[in-house]
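The values are calculated or read from the model by the stated rules, or taken from the named source; none is laboratory data. Quantities reported herein were computed from a predicted structural model and do not represent experimental measurements. Cβ coordinates were reconstructed from backbone atoms using ideal geometry, including for glycine residues, and neighbour counts include every protein chain displayed. Just so you know, the surface numbers come from the protein's heavy atoms only, side chains and all, with ligands and any DNA or RNA stripped out. Shrake-Rupley method; radii C 1.70, N 1.55, O 1.52, S 1.80 Å.
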Amino acid sequence: MGTLSIVATPIGNLGDITFRALWTLKEANAIYAEDTRVTAKLLHHYGLRTPLFRLDAATEAKKAGEVVKRLEAGEKIAVVSDAGTPGISDPGARLVAYVRETLPEAKIEAIPGPSALTAMLSIAGISADVFLFLGFLPHKKGRQTALKGIAESTIPVVLYESPHRILKLLGELAKTDSKARVVIGRELTKLHEEVLTGAPEELAKTLEKGKKVRGEFVVIIKPSRR
Ligand code: SAM
């Protein structure tokens, strides 16, 4: 029976990968990746030549059967997302659930490593003994309810956000909880890594100073009622 390894990869700095992750990627019969072009760069950087296959959100259910067949044949299969830990706002969970159900005897192992979530919490200066992670907020349906819930939360709330929507999010937070303390982590582990702290409106002004808002963001909100 084969092994399914869920492998965390860098969130920006290619040096952020564990020895065990590299060894697992090297020894695997196949790597299933969210975007094979992104993972090809990582493999090339480390001189690895393991065959790459695509497994993204759209193909996860379809490819699960193929992965199970390979595991039955005794293969070692690695799964990676574009960045960070698979399954955290990324594909991976459906495949793992399917393999657990259809092939309980297969070994499923975690190869832990980077995640934007833990990287951000480690440098935010906010006690992360307890927090609520909501990933990406829904764009339309459920968004207002989520924003209301954040304002009413008694523990810090962590979100992922894209550069296109960060100003919109800060504007919404300014309305629902103008006195909240917000910590934004931008481009973590990359050349232009930056952590900004302030009230939502203040932070929006700081970000608007640049021509175009660029980068990837993790947002921590410490609601004012806390
Ligand atoms: N699975 C990944 C993880 O473990 O971090 C998260 C994948 S999710 C699709 C991508 C989001 O993570 C980005 O939109 C951004 O919110 C956050 N992110 C990823 N890399 C980041 C970085 N270097 N700096 C800040 N945020 C990052």
* If the viscosity is 1.567 mPa s and the temperature 4 °C, what Stokes-Einstein diffusion coefficient in µm²/s follows for the chain when Rh is the Kirkwood radius over Cα pairs? -> 69
* Specify the residue with the greatest mean-square fluctuation among 108, 11, 31, computed from a Gaussian network of the chain linking alpha-carbon atoms under 10 Å apart. => 108
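Return the calculated 222 nm mean residue ellipticity for the chain, to the nearest 500 deg cm²/dmol, obtained by summing -39500 (n - 2.57) across DSSP H runs with n ≥ 4 and dividing by the residue count.
Counting only the DSSP helices, I get -10500 deg cm²/dmol.
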* **Label-point separation, residue 26 to residue 73 (7 Å along Cα→Cβ), nm** => 2.4
* Using alpha carbons only, how many degrees (0 to 90, rounded to 10) separate the axis of helix 93-102 from the longest principal axis of the chain? -> 40
* Taking all protein chains together and a probe of 1.4 Å, list 164, 139, 192 from the most accessible to the least accessible. => 164, 192, 139
* Asked: Hey, with R₀ at 45 Å, roughly what FRET efficiency would residue 187 and residue 61 work out to, going by the Cβ-Cβ distance, to 0.05?
  -> 0.85
* Rank 92, 113, 171 by mean-square fluctuation in a GNM of the chain with C-alpha springs under 10 angstrom and give only the top-ranked residue. => 171
* Structure fact -> Taking the alpha-carbon centre of each part, the distance from region 121-170 to region 13-61 in Å is 30
* How high is the relative contact order of region 3-114, in percent, counting Cα pairs under 8 Å that sit 6 or more residues apart? -> 45
* **residue 101 paired with residue 44, simple spin-label distance in nm, labels 7 Å along Cα-to-beta-carbon** => 3.8
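Taking only protein heavy atoms and a 1.4 Å probe, what accessible area per residue, in Å², does region 97-167 have with all protein chains in place?
56
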* Asked: Going from most exposed to least, what order do 211, 175 have by accessible area with a 1.4 Å probe?
  -> 211, 175
* 11 Å beta-carbon shell around residue 144, net charge (K/R +1, D/E -1) -> +4
* When the chain is modelled as a GNM with alpha-carbon springs shorter than 10 Å, which of 197, 59, 36 fluctuates the most? -> 59
* Rounded to the nearest 0.05, what FRET efficiency is calculated for residue 14 and residue 109 with R0 set to 22 Å and r the Cβ-Cβ distance? -> 0.45
